[in-house]
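Participant: Let me give you the structure first, and then I'll get to my questions.
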Number of protein chains: 2
Amino acid sequence: MTTLSGQLGKDLQRGGYRLTASRKIILDIFRYGSRPLSAEDIYLAIRAENKNVGLTTIYRALDSLVKANIVRKFAVNTERALYELAGKQACEHHHHLVCRKCDLLIDYKDFCEEEVRLIKRIEELVAKRHSFEIHDHQLSFVGICNRCQKEKK
Amino acid sequence: MTTLSGQLGKDLQRGGYRLTASRKIILDIFRYGSRPLSAEDIYLAIRAENKNVGLTTIYRALDSLVKANIVRKFAVNTERALYELAGKQACEHHHHLVCRKCDLLIDYKDFCEEEVRLIKRIEELVAKRHSFEIHDHQLSFVGICNRCQKEKK
DNA sequence: CTGCATGCAAACCCTTTGCATTGGG
DNA sequence: CCCAATGCAAAGGGTTTGCATGCAG
């Protein structure tokens, strides 16, 4: 069996964290699907493979992954935290579209050059003005998805 | 005593909600300081004025304010929900800067005009492409604040 | 071997709900 | 007057912690 988590595993160890069986499984799950996952999503995905890793372990592993800069943690609402591959390992940076009614979360990365240029520019200005060292950003649009628009009637 | 919450109170009533003493106090607190507040921030602010409104009431009032579109609810992390005046009543829409280390939250609106114009454009593109009815957006930059940069050494 | 990683149960924190009471319009 | 608003206590849901055991390096 090929360990999909290969490079990521090394990154993790470089951070002083141990590459255990549980963590390999978790990393592989991130590699398979690139949409944002909650701790519970991961928990269920693992059980679906007839493996078992406790929720607590998942939380602690995610914590390490965040500290090792492999995974990004973010929040769309306060219901639950979401995690996704960060930086270079993420296929591409993307933004979010959130539906107010059904909580559908779409991530899109088909943004135009214009969008990228704009964000870069704002980033520079803001970094300078506030003496902030900017690592990352999050852009989400909130509204009503196609489906809920139709149901409204 | 001048009721700072005047116009907002009318907006609230227009939504079918009652303008009670508690809600007046809460609205006034939003009018005084325009930075994002958590339910507890509001609770403490009220006690600081030697008044008293239960936390539960604050949550329920915030809920009504959000439904009446007077206040916007959002999350930077999952720790607690934040609320701020929404739409026209907010002096201006603004974006956030979050420090990874100390969780400092700055909201800035210095570049808003330019940003908003460009974001509006992106909004249109995205809305069309994904058949989304967009109501609002959130933009946050994540990084290290000035102070934590210095402490690093 | 040593110290981080794990599992389980219990603790925690923020937020919501049930229920009887109060009060706005 | 009626129904929304309030307060308190208890429940809820996601996340974290304490503690004894397991395992990577």
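Every number in this text was worked out from the coordinates using simple rules, so none of it is lab data. None of the values given here were measured: they were computed from a predicted structure. So basically every Cβ, Gly included, is an ideal-geometry build from the backbone, and we count neighbours across all protein chains shown.
Participant: Can you name the chain A residue with its Cβ nearest the rotation axis from A to B, and give the distance in Å as a whole number?
Facilitator: It is A:Leu118, 1, counting Cβ atoms only.
Participant: Say a label goes 7 Å from Cα toward Cβ at B:Ala48 in every copy; what distances in nm does this one have to the rest, shortest first?
Facilitator: Relative to the other copies, B:Ala48 has label-point distances of 4.8 nm.
Participant: Which distances, in nm and shortest first, link the B:Gln7 label point to the same label point in every other copy, taking 7 Å along Cα→Cβ?
Facilitator: 5.3
Participant: Please compute the net charge surrounding A:Ile58, taking Lys and Arg as +1 and Asp and Glu as -1 over other residues with Cβ under 10 Å from its Cβ.
Facilitator: Working: positive: A:Arg23, A:Arg60; negative: A:Glu40, A:Asp41, A:Asp63.
With Lys, Arg at +1 and Asp, Glu at -1, the net is -1.
Participant: Which of A:Lys67/B:Lys120; A:Lys67/B:Lys67; A:Lys10/A:Lys109; A:Lys120/B:Lys73; B:Lys73/B:Lys128 have a Cα-Cα distance over 31 Å? Intermediate results must be reported in sequence, preceding the final value.
Facilitator: Working: A:Lys67/B:Lys120 34 Å; A:Lys67/B:Lys67 37 Å; A:Lys10/A:Lys109 27 Å; A:Lys120/B:Lys73 26 Å; B:Lys73/B:Lys128 25 Å.
As for pairs spanning more than 31 Å Cα to Cα, those are A:Lys67/B:Lys120; A:Lys67/B:Lys67.
Participant: Find every distance from the label point of A:Lys101 to the corresponding label point in the other copies (7 Å from Cα along Cα→Cβ) and write them in nm, one decimal, shortest first.
Facilitator: Inter-copy label distances (nm, one decimal, shortest first): 4.6.
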